[in-house]
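*Asks:* Quick one: the structure is below, and I'll ask about it shortly.
The values are calculated or read from the model by the stated rules, or taken from the named source; none is laboratory data. Only a predicted model underlies this, so the values are computations on that prediction, with no experimental measurement involved. Please note: Cβ atoms are built from the backbone with ideal geometry, for glycine as well, and neighbour counts cover all protein chains shown.
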Amino acid sequence: MAGARVERLVTSGTFSLDGGTWDVDNNVWIVGDDVEAVVIDAAHDAEAITAALGGRTLRAIVCTHAHNDHIDAAPALAARTGAPILLHGDDLPLWKQTHPERAPDGELTDGQVLTVAGIELTVLHTPGHAPGAVCLYAPDLGALFSGDTLFAGGPGATGRSYSDFPAIIESIRDRLLTLPGETVVHTGHGETTTVAAEAPHVQEWIDRGF
């Protein structure tokens, strides 16, 4: 039996907010072993995510935030698997824009630890891109799942409703750049990076006084 590992599935759909809609590709992260797993951000395609799980027990559907492109397939995936949907409470207003009739099953809180396949995922509340945005840190895997808080190239977008640029910079500086530099950052869109690689990009914004 293989140990805990990280798998990436890319799904395609749309992101809608503030009256606009854009085509997007999203990273869906599956963390687990051959027996059980969690899904981080159930984006666009519940059937494809279910196929990627391949019969493993799904312990939780973890939402890094509640923009529609990260949660649109969550209820369907929950219905297929029986897994609970977990979201930070500060993002409920965004969640209700997409799923007004279906609430999440549980609330993520800062410092909470989720366990799957013998490894721990620590919830880090990182507001800025969205009020309830979280990242998940798995020290045993040397991995951070950053949602849309941190990308290869710097901070996530903060130009739309419910976002706050000073808050995202503070979140990254205080919660993420303090992690080991070799930590691999698995992002919500695009390619992976590391904490060390992103530190200079974020420092540029800090130096400007953002």
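*Asks:* For the stretch 53-69, how many residues meet the condition of being over 15 Å from residue 102 (Cβ atoms) and either under 18 Å from the mean Cα position of the chain (by Cα) or charged (D, E, K, R) (or both)? Break it down stepwise before answering.
*Replies:* Pass one, the stretch 53-69, residues over 15 Å from residue 102 (Cβ atoms): 53-60, 62, 64-65, 67, 69.
From what's left, either under 18 Å from the mean Cα position of the chain (by Cα) or charged (D, E, K, R) (or both): 53, 56, 58-60, 62, 64-65, 67, 69.
Residues meeting the conditions: 10.
*Asks:* Next question. Please verify whether residue 56 is of a type outside the set (Gly, Ala, Ser), farther than 18 Å from residue 24 by Cα, free of Cβ contacts under 8 Å to residues at least 40 places away in the same chain and surrounded by fewer than 16 Cβ atoms within 10 Å (Cβ to Cβ), treating the condition exactly as stated.
*Replies:* When the stated conditions are applied, residue 56 does not pass them.
*Asks:* If we keep just the residues of the stretch 133-191 that are acidic (Asp, Glu) and closer than 18 Å to residue 90 by Cα, which is surrounded by the most Cβ atoms within 10 Å (Cβ to Cβ)?
*Replies:* So, considering only residues that are acidic (Asp, Glu) and closer than 18 Å to residue 90 by Cα, the one surrounded by the most Cβ atoms within 10 Å (Cβ to Cβ) is 148.
*Asks:* How many residues are more than 16 Å from the chain's Cα centre (by Cα) and either on the phi > 0 side of the Ramachandran plot or at pLDDT below 95 (or both) if we restrict to the stretch 111-141?
*Replies:* Final tally of qualifying residues: 2.
*Asks:* Additional query: For a quick check of your reading of the model, give me the residue pairs whose first member lies in the stretch 155-175 and is in contact (Cβ under 8 Å) with a residue 40 or more places away in the chain and among the hydrophobic types (A, V, I, L, M, F, W, C), whose second is surrounded by fewer than 21 Cβ atoms within 10 Å (Cβ to Cβ) and in a loop (DSSP other than H, G, I, E, B), with beta-carbon atoms closer than 6 Å and at least 6 apart or on different chains.
*Replies:* 165/158; 168/158; 169/210
*Asks:* Inspect the stretch 34-49 for any residue being among the acidic types (Asp, Glu), within 13 Å of the chain's Cα centre (by Cα) and under 26 Å from residue 157 (Cβ atoms) and give the result as yes or no.
*Replies:* Yes: the stretch 34-49 contains one or more residues that are among the acidic types (Asp, Glu), within 13 Å of the chain's Cα centre (by Cα) and under 26 Å from residue 157 (Cβ atoms).
*Asks:* Another question, then. Could you name every one of the strands (runs of 3 or more DSSP E) located completely within the stretch 1-51 that has at least 2 residues being exposed (fewer than 14 other Cβ atoms within 10 Å of the Cβ) and in contact (Cβ under 8 Å) with a residue 12 or more places away in the chain?
*Replies:* Of the strands (runs of 3 or more DSSP E) lying wholly inside the stretch 1-51, those with at least 2 residues that are exposed (fewer than 14 other Cβ atoms within 10 Å of the Cβ) and in contact (Cβ under 8 Å) with a residue 12 or more places away in the chain span 5-17.
*Asks:* Wholly within the stretch 61-117, which strands (runs of 3 or more DSSP E) include no fewer than the required count, namely at least 2 residues that are of a type outside the set (Asp, Glu) and surrounded by fewer than 16 Cβ atoms within 10 Å (Cβ to Cβ)?
*Replies:* Passing ranges, in order: 113-116.
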